[in-house]
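Beneath this line is the structure, given in structure tokens, with notes to follow.
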Amino acid sequence: MTPRQFNGSHDGEIDPRAVSGLVGLVLIILVAVGLISASTYVVQPGTRGVAVTLGTVSPEFKPEGFGFKKPFLTQVLPISIRQKTRAMPAECYSSDLQQVKMEVRVLYRVPERSVVKIFQEYAGEPFDTLIAPRVQEALKEIAATQSAEQIVKNREQIKNRALELARKKIGNDFLIVSDLVIYNLSLSPELEAAIEMKMVQEQEAEKAKFTQLKAQIEADTAIIRAKGEAEAIQVRGTALRANPDFIKLQILQTWDGHSPLVVGGGGSNVLLPLEELARRRAPARTSSPAPAAKPR
């Protein structure tokens, strides 16, 4: 028997036992990786995990991060606790039986204390089955107390009241509705035209009222000014009657150093006013003489 026959292998051939050992090692590694993967979980930031073991939901949520679970028996499902924004159409009737259509954006989030209950009762997304119907109901109740014109004018007030009512209906401890945004209000074309015309008339009335008030203020100011001037004249006359020397004081204050001009005679002399005196004393303008002719 040759040495090659004794070893039981031929040159260039792979030993089957080595192949079997390598395959077994790979299988062990794969099983170990699968077991480790099945027994661990990671909850991403902004979410909370809900553990479900053979159809039974754990009453406690899993915080974000890494953790261990029962392999192949427990699933950890993520539930977002971040704020979300969803749009929804809304339709309601005003107190004067006018149809009002609008678009509403709802800002809401699931608090972590409600993660497990939201998952059990609403499959992790409560908007369509809980939030939207309650918001619609709240808008209808508030709109029914206002006319269509008031809904258009007082949109912010309507929104605040509807938000408060929707929070009560939903339960602020269960879900957090942060805000409502109402936009794209639409009425019938006839009603929109009537409201626009009424607003224009109100603006014109306010403008006329302002003009009238301005004229009244100006008239009152003129009366007060005239009354003040009349009172000043009266006070001046009283002062002159009480103190005749006041006239002399004014003459001295305006005197330019020339003697006053007296016109008249025969005992009926008249003292010219200071203005007339100044006019007469002003140098008369004389025309300039013609230039002399040059001798030839």
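The values are calculated or read from the model by the stated rules, or taken from the named source; none is laboratory data. Because the structure is a prediction, the values reported are computed rather than measured. Counting neighbours? That spans all protein chains shown, and the Cβs are built from the backbone with ideal geometry, glycine included.
The rows are residues; the columns are (1) within 40 Å of the chain's Cα centre (by Cα); (2) assigned by TED's automatic domain parsing to the domain that holds Pro133; (3) at pLDDT below 90; (4) surrounded by fewer than 10 Cβ atoms within 10 Å (Cβ to Cβ).
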| position | (1), (2), (3), (4) |
| --- | --- |
| Gly8 | no, no, yes, yes |
| Leu30 | no, no, yes, no |
| Ser37 | no, no, yes, no |
| Phe61 | yes, no, no, no |
| Phe66 | no, no, no, yes |
| Thr74 | no, no, no, no |
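Is there a residue in the stretch 10-17 that is on the phi < 0 side of the Ramachandran plot, surrounded by 10 or more Cβ atoms within 10 Å (Cβ to Cβ) and of a type outside the set (D, E, K, R)? It would help to see each step written out before you state the result.
Taking the stretch 10-17 and keeping what is on the phi < 0 side of the Ramachandran plot, we get 10-11, 13-17.
Next cut, surrounded by 10 or more Cβ atoms within 10 Å (Cβ to Cβ) only: 15.
Then drop every residue that is not of a type outside the set (D, E, K, R), which leaves none.
No, that holds for no residue.
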Being farther than 18 Å from Ala38 by Cα and not aromatic (Phe, Trp, Tyr): is that true of Leu77 here?
no
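Do any helices (runs of 4 or more DSSP H) entirely within the stretch 127-195 hold 3 or more residues that are surrounded by 17 or more Cβ atoms within 10 Å (Cβ to Cβ) and at pLDDT below 90, and if so, which?
Values: elements: 132-143, 148-153, 155-170.
By residue number, 148-153.
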Select from the stretch 23-79 the residues that are of a type in the set (Ser, Thr, Tyr) and touching a Lys or Arg at 6+ places or on another chain (Cβ under 9 Å) and write down the one among them that is nearest to Ile118 (Cα to Cα).
Thr47
